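Coordinate-derived values only; no laboratory data. Remember, predicted model here, so these are calculated numbers, not experimental data. Here Cβ is always computed from backbone atoms with ideal geometry, including for glycine, and neighbour counts include all displayed protein chains.
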Amino acid sequence: MPIAPPSQPRRRSLMPAERPEDRPEDQIIAACRAMNASGLNQGMSGNISLRQGDGLLITPTSLDYDRMQPEDIVRLDAEGRPQGRRRPSSEWRFHYDILRQRPDVAAVVHAHPIHATAIALHGRPIPAVHYMVAIAGGPEIRCAPYARFGTQALSDAALAALDGRMACLLAHHGLIALGRDLDQALWLAHEVETLARMYLASLAMGEPPRLPDAEIAGVRAAMQGYAQV
Ligand code: 13P
């Protein structure tokens with residue numbers, strides 16, 4: 001197995017080690033707490049979902065992650081009907097639509113990280129200023145146009161911005177990161193926030209040059225060998 005040089009992306013888990021007794025509900029709550037503890041998110045912003053059978057599990061709306069219990073996690077069935085004692089996240093539509101339309105995805109993380117959101121406040125993408133932009137699937141991390149939280153319009157805009165991609169920004173709002181599992185989605189959300197931070201820092205010296213699309217395609221091909229992207 002090839003050993004990746006230090007500059008290559010290797011996944012470092014942000015989740016606490018799983019215990020054998022952990023259920024998917026426990027894993028979702030652990031991911032929520034990890035995203036706040038890491039600074040990726042704050043307060044009750046954000047929401048997380050995980051594919052389960054023909055439906056999904058999703059965080060409830062407006063509940064402190066530290067107070068959240070497995071019984072608070074809401075199940076949406078294949079038609080998007082909620083089951084459980086809580087109301088689902090106000091953003092259940094885009095979670096549901098993404099998981100229905102993207103069979104390659106099993107976990108969706110939505111957060112309001114400071115740097116990625118700062119770029120999204122301008123309605124701008126993260127351009128190919130660093131080769132790691134390739135981990136989201138293409139030459140820029142798109143920014144979906146603004147639509148009000150919880151609307152079908154926001155879901156439609158997010159789906160379009162995620163076409164062929166694993167992450168996007170949401171104008172005047174935050175970011176969405178996708179993964180084959182919660183760990184991967186959380187990792188990617190963190191990487192996008194790091195890229196946003198680097199890009200914002202570089203703007204102090206003016207707009208940095210872009211890597212050509214062909215180079216990002218080459219980076220993507222090179223990553224296939226060993227990086228878990
Ligand atoms: P919920 O508490 O309804 O999940 O909403 C939080 C949020 O970030 C909306 O975009």
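So here's what we get for this one:
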{"item": "Spacing of the two label points (7 Å from each Cα toward its C-beta) at L203 and A217, in nm", "result": "3.0 nm"}
{"item": "Residue among A204, A128, A31 with the largest mean-square fluctuation in a Gaussian network model of the chain, springs linking Cα atoms under 10 Å", "result": "A204"}
{"item": "The chain: C-alpha gyration tensor shape, a/c 1.5 cut-off, then a/b vs b/c", "result": "prolate"}
{"item": "Residue order, fewest to most beta carbons within 10 Å, for L169, L57", "result": "L57, L169"}
{"item": "Cα-based helix-to-principal-axis angle, 152-161 vs the chain, degrees rounded to 10", "result": "30 degrees"}
{"item": "Label-reachable residues, region 89-118, where backbone N falls under 15 Å from a point 7 Å from Q224's Cα toward its Cβ", "result": "none"}
{"item": "Shape category assigned to region 167-229 from the gyration tensor of Cα positions, a/c cut at 1.5", "result": "oblate"}
{"item": "Global form of region 26-138, assessed from the alpha-carbon gyration tensor, a/c cut-off 1.5", "result": "oblate"}
